[in-house]
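These notes are about the structure you will find just below.
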Amino acid sequence: MTITGEDTRPRPLIGQAVGQAQASLTRLLTGILAGTGTSYPVWLGLQRLNALGGQPSREAYEADLSYWLQLDGPAAARLAGDVVAAGLAASGDDGSIALSAGGRALREEVLATSAKVTGPMLATIDGADLDTTIRTLEKITRLANTTEGNR
């Protein structure tokens with residue numbers, strides 16, 4: 001049996017495949033964010049704040065931004081300040097930073113708009129395949145973080 005055409009191309013490396021998907025989805029997201037007047041970095045800051053439970057200490061939030069977004073200390077502090085300045089979070093007297101009602105509303109709006117765009121795309125993919133992909137990417141993330149911590 002001879003394989004011709006597309007079948008002869010080598011499979012992309014996992015990093016390349018993930019990077020290409022991320023770039024495509026980021027382009028869609030940036031278009032959605034533009035409609036809300038929110039920058040991509042501020043969106044990432046809001047998402048990280050939400051991932052931390054919505055009310056970490058400012059120190060923990062900035063450390064998280066530094067780690068996940070590969071920012072140095074001053075850049076992480078600036079981004080945290082930008083999220084607050086945008087009204088998406090508020091600094092507490094106890095040194096915490098918390099999602100604001102505006103931050104929660106923006107997340108809901110962006111996620112709903114995003115679902116309208118990505119929903120039809122994802123509907124064409126088998127649900128079991130999506131579940132496997134999510135589990136695989138989560139495991140890769142955990143393993144990469146563990147490996148990185150052991151360097």
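Where a number appears in this text, it was derived from the coordinates with a stated rule and is not lab data. What you are looking at is a predicted structure, and each value in this text was computed from that prediction instead of being measured. Counting neighbours? That spans all protein chains shown, and the Cβs are built from the backbone with ideal geometry, glycine included.
Bin by bin, in steps of 10 Å, what percent of the Cα pairs in the range 93-151 do you find, going until the bin that has the longest distance?
In order of increasing distance, the bins hold 18, 23, 32, 25, 3 percent.
State, in angstrom, two size descriptors of the range 73-115 derived from its alpha carbons: Rg to one decimal place and Dmax to the nearest whole number.
11.9, 36
Counting each DSSP H run of 4 or more residues in the chain as -39500 (n - 2.57), what helix-only mean residue ellipticity at 222 nm follows after dividing by all residues, to the nearest 500 deg cm²/dmol?
That comes out to -23500 deg cm²/dmol.
Counting pairwise Cα distances across the chain, what percent come out greater than 21 angstrom?
57
Report Rg/Rh for the range 38-119, rounded to two decimals, where Rg is the Cα radius of gyration and Rh the Kirkwood radius.
With Rg and the Kirkwood Rh in hand, the quotient comes to 0.98.
Which of the peptides 124-131, 39-46, 94-101, 138-145 is most tightly packed, and how do the rest follow, going by the mean number of other Cβ atoms within 10 Å of each residue?
Result, highest mean first: 39-46, 94-101, 138-145, 124-131.
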